[in-house]
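Q: Starting off with a structure, shown below.
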Amino acid sequence: MSARPWSRMIPKKSFFDTLYNCNSVNYGRDGFLTSRSAELVNPRHHMVISDTVWQDFDAEILAGMNDSKILSSFTSGFFGGFVFGMEGVLLNAGAWRLLPVNFTNFSQDQQTSEIWKSSEVPENQLCDVGTKLFGTFQLLDKHISESLDSQFSYVDYGFGSDNYSFAGCHRFSVTRHQTTSDSVSEMEPSKAQIRISLEGFTCNPQTNKQAVAEIGKWFHALYARALFANGIQAVLQSQRSG
């Protein structure tokens with residue numbers, strides 16, 4: 001059974017735990033910043049402001065969830081949770097017209113699907129590449145391995161436009177890896193872990209300068225951390241509900 005959409009709008013203990021325990025740095029991984037999505041968003045390779053938030057979980061905590069399920073649940077919490085709620089309402093009311101999503105070199109073969117309500121963000125499956133959310137975000141790329149032994153899966157959501165002075169991209173990713181215990185004993189077996197990450201960058205595609213002021217960086221870092229925590233809450237809630 002899936003969690004009801006309205007339950008994403010209520011902060012749980014897991015939200016506050018993640019808000020306190022997650023890790024963050026003010027840079028993104030090279031693999032993200034040089035990705036196909038980054039090329040679409042920032043075709044002139046202008047300077048970017050980037051950051052990463054992540055949290056590691058013992059694999060048994062997310063038992064039975066493949067990468068697709070984890071990422072779809074995270075997406076539902078990110079775009080359908082209470083943290084994004086006010087932004088979603090404003091965008092749906094018409095604010096999206098200030099910066100409609102559009103990337104010159106992005107092409108797709110099928111008609112674009114659109115999502116305008118938080119309750120419509122799916123929890124059990126990922127949207128198709130090209131899907132637009134709230135008029136300002138668009139799913140640009142995804143790589144999903146359905147195997148529970150997969151190493152890395154991700155989805156990229158671009159926002160803004162390379163035709164304007166503000167654009168960026170969010171990458172939600174899942175990395176499966178083995179970690180050794182802190183014990184000094186070499187006989188201690190390694191432990192399977194799952195890392196869920198949120199990477200993001202913003203840029204000015206038209207001019208090679210920062211897209212936001214210094215104070216905007218601090219707000220963005222705090223907002224990203226809260227959005228990440230809302231995404232994690234949705235993942236854990238989905239796992240518990242089966």
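The values are calculated or read from the model by the stated rules, or taken from the named source; none is laboratory data. Model, not experiment: these values are computed from the prediction. All Cβ positions, glycine included, derive from the backbone under ideal geometry; neighbour counts span all protein chains shown.
Q: Can you name the residue in the stretch 209-242 that is surrounded by 15 or more Cβ atoms within 10 Å (Cβ to Cβ) and of a type in the set (Gly, Ala, Ser) and is also modelled with the lowest pLDDT among such residues?
A: The selected residue is Ala211.
Q: Looking only at the stretch 105-141, filter to residues that are over 22 Å from Met86 (Cβ atoms) and small (Gly, Ala, Ser); which one of those is modelled with the highest pLDDT?
A: The selected residue is Gly130.
Q: Do we have Ile10 as under 25 Å from Asn230 (Cα atoms), in contact with a helix residue (DSSP H, G or I) (Cβ under 9 Å, 6 or more places away or on another chain) and surrounded by fewer than 13 Cβ atoms within 10 Å (Cβ to Cβ) here?
A: Spelling it out, Ile10 is indeed under 25 Å from Asn230 (Cα atoms), in contact with a helix residue (DSSP H, G or I) (Cβ under 9 Å, 6 or more places away or on another chain) and surrounded by fewer than 13 Cβ atoms within 10 Å (Cβ to Cβ).
Q: If you don't mind, there's one more thing I want to ask. What residue, of Ser153, Ser185, Ser197, Ser161, is surrounded by fewer than 24 Cβ atoms within 10 Å (Cβ to Cβ), of a type in the set (Gly, Ala, Ser) and modelled with pLDDT under 95?
A: Ser185
Q: If you don't mind, another one. Identify, please: which residue in the stretch 61-101 is in a helix (DSSP H, G or I) and in contact with a Lys or Arg (Cβ under 6 Å, 6 or more places away or on another chain) and is, among those, farthest from Val235 (Cα to Cα)?
A: My answer is Gly80.
Q: Leu139 versus (1) part of a helix (DSSP H, G or I); (2) buried (at least 21 other Cβ atoms within 10 Å of the Cβ): which is the lone unmet condition?
A: (1)
Q: Residue check: is Gly94 loosely packed, with under 15 Cβ neighbours inside 10 Å and modelled with pLDDT of 90 or more?
A: Yes, satisfied.
Q: I've got another one for you. Considering each residue of the stretch 15-32, count those that are within 21 Å of Gly231 (Cβ to Cβ) and assigned to a helix (DSSP H, G or I), and give that number.
A: Adding up the residues that qualify gives 9.
Q: Take the residues in the stretch 77-91 that are touching a residue at least 40 places away in the same chain (Cβ under 8 Å) and among the aliphatic types (A, V, I, L, M), then tell me which one is surrounded by the most Cβ atoms within 10 Å (Cβ to Cβ).
A: Out of the qualifying residues, it is Val83.
Q: Among the residues in the stretch 41-60, are any over 18 Å from the mean Cα position of the chain (by Cα) and assigned to a helix (DSSP H, G or I)?
A: yes
Q: For the stretch 96-145, give me each residue that is in contact with an Asp or Glu (Cβ under 8 Å, 6 or more places away or on another chain), hydrophobic (A, V, I, L, M, F, W, C) and farther than 21 Å from Tyr164 by Cβ.
A: If the condition is that a residue be in contact with an Asp or Glu (Cβ under 8 Å, 6 or more places away or on another chain), hydrophobic (A, V, I, L, M, F, W, C) and farther than 21 Å from Tyr164 by Cβ, then Val129, Ile144 are the ones that fit.
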